[in-house]
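The values are calculated or read from the model by the stated rules, or taken from the named source; none is laboratory data. Nothing here was measured: the structure is a model prediction, and the numbers come from that model. As a convention, Cβ positions derive from the backbone with ideal geometry for all residues, glycine included, and neighbour counts pool all protein chains shown.
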Amino acid sequence: MSRHESDREDLMAEATALVRRVELAVPGEDLPVVAGVRNSALLSIYFGSDPVYHFDERNRLRRAFAGGRLYRTQGNALAELTRVRTPQATELRRHDLDGPSLDEFVDRMKQRLRRLHDALAQGTAAVLRQVPEEDDFVAELSEQIAGILSCAETLAPPIKGKR
């Protein structure tokens, strides 16, 4: 883990792991939204540099970065990881979100995704850049977000090797 994070200046250019990606101007969003998939077809959506959501192949939340904190799934809970820095090391402190705090997190995420989906469906989201340029990723993105919003299971299984 890096000792210092910095805001990305150009998410679209830096997100090279997303082999198919699009940068969108979305009404109501101050910064462009970048969405894309890795070779494994796992979707990531960046609302600027915060929040960021990463989903698994079944449209369930796997990881997130929101409000300056890291999150990862723990099955029925979401582990909130807070970085604590000392001159010698960076430590991650974990607090599990469940019950009302988990519901609040998921509701905020789904509201943001619903606004993005509505903008895509209504044609009010403008494509700024796309890789590859000739790709029609926007239609797939809209379908995938609809899948996330209708998915009965919100959280992916725990990430293997993490406790």
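Of all residues in region 110-126 being in contact with a Leu (Cβ under 7 Å, 6 or more places away or on another chain), among the hydrophobic types (A, V, I, L, M, F, W, C) and surrounded by 14 or more Cβ atoms within 10 Å (Cβ to Cβ), which is nearest to Ser44 (Cα to Cα)?
By that ranking, first place goes to Leu113.
How do the pairs read when you match residues in region 29-41 that are within 15 Å of Phe137 (Cβ to Cβ) with residues anywhere that are modelled with pLDDT of 95 or more and surrounded by fewer than 16 Cβ atoms within 10 Å (Cβ to Cβ), using Cβ under 7 Å and keeping only pairs 6 or more apart or on different chains?
Correct list of pairs: Pro32/Ala25; Pro32/Leu128.
Go through region 82-108 and report how many residues are in contact with a helix residue (DSSP H, G or I) (Cβ under 9 Å, 6 or more places away or on another chain) and surrounded by 15 or more Cβ atoms within 10 Å (Cβ to Cβ).
Of the residues in region 82-108, 1 are in contact with a helix residue (DSSP H, G or I) (Cβ under 9 Å, 6 or more places away or on another chain) and surrounded by 15 or more Cβ atoms within 10 Å (Cβ to Cβ).
With respect to the numbered conditions (1) touching a helix residue (DSSP H, G or I) at 6+ places or on another chain (Cβ under 9 Å); (2) closer than 16 Å to Cys151 by Cβ, which one is the sole condition not fulfilled by Gln111?
So the condition that Gln111 fails would be (1).
Condition (residue is surrounded by fewer than 14 Cβ atoms within 10 Å (Cβ to Cβ), touching a residue at least 60 places away in the same chain (Cβ under 8 Å) and among the hydrophobic types (A, V, I, L, M, F, W, C)) applied to region 52-71: is it met by at least one residue?
no
Looking at region 79-103, which of its residues are assigned to a strand (DSSP E or B) and of a type in the set (A, V, I, L, M, F, W, C)?
So the first thing to find is which residues in region 79-103 are assigned to a strand (DSSP E or B), and the list is 79-85, 90-97.
Matches in region 79-103: Ala79, Leu81, Val84, Leu92, Leu97.
Out of Thr124, Thr73, I need the residue that is within 14 Å of the chain's Cα centre (by Cα) and not aliphatic (A, V, I, L, M). Which one?
After ruling out the rest, the residue left standing is Thr73.
Exactly one condition in (1) buried (at least 16 other Cβ atoms within 10 Å of the Cβ); (2) assigned to a loop (DSSP other than H, G, I, E, B) is not met by Asn76; state its number.
(1)
Specify the residue that is nearest to Glu29 (Cα to Cα); the eligible residues are those in region 132-141 that are surrounded by fewer than 18 Cβ atoms within 10 Å (Cβ to Cβ) and within 19 Å of the chain's Cα centre (by Cα).
Among those that are surrounded by fewer than 18 Cβ atoms within 10 Å (Cβ to Cβ) and within 19 Å of the chain's Cα centre (by Cα), it is Val138.
Filter region 37-73 down to the residues that are assigned to a loop (DSSP other than H, G, I, E, B) and touching a Leu at 6+ places or on another chain (Cβ under 9 Å), then identify the one that is nearest to Thr90 (Cα to Cα).
Ser49
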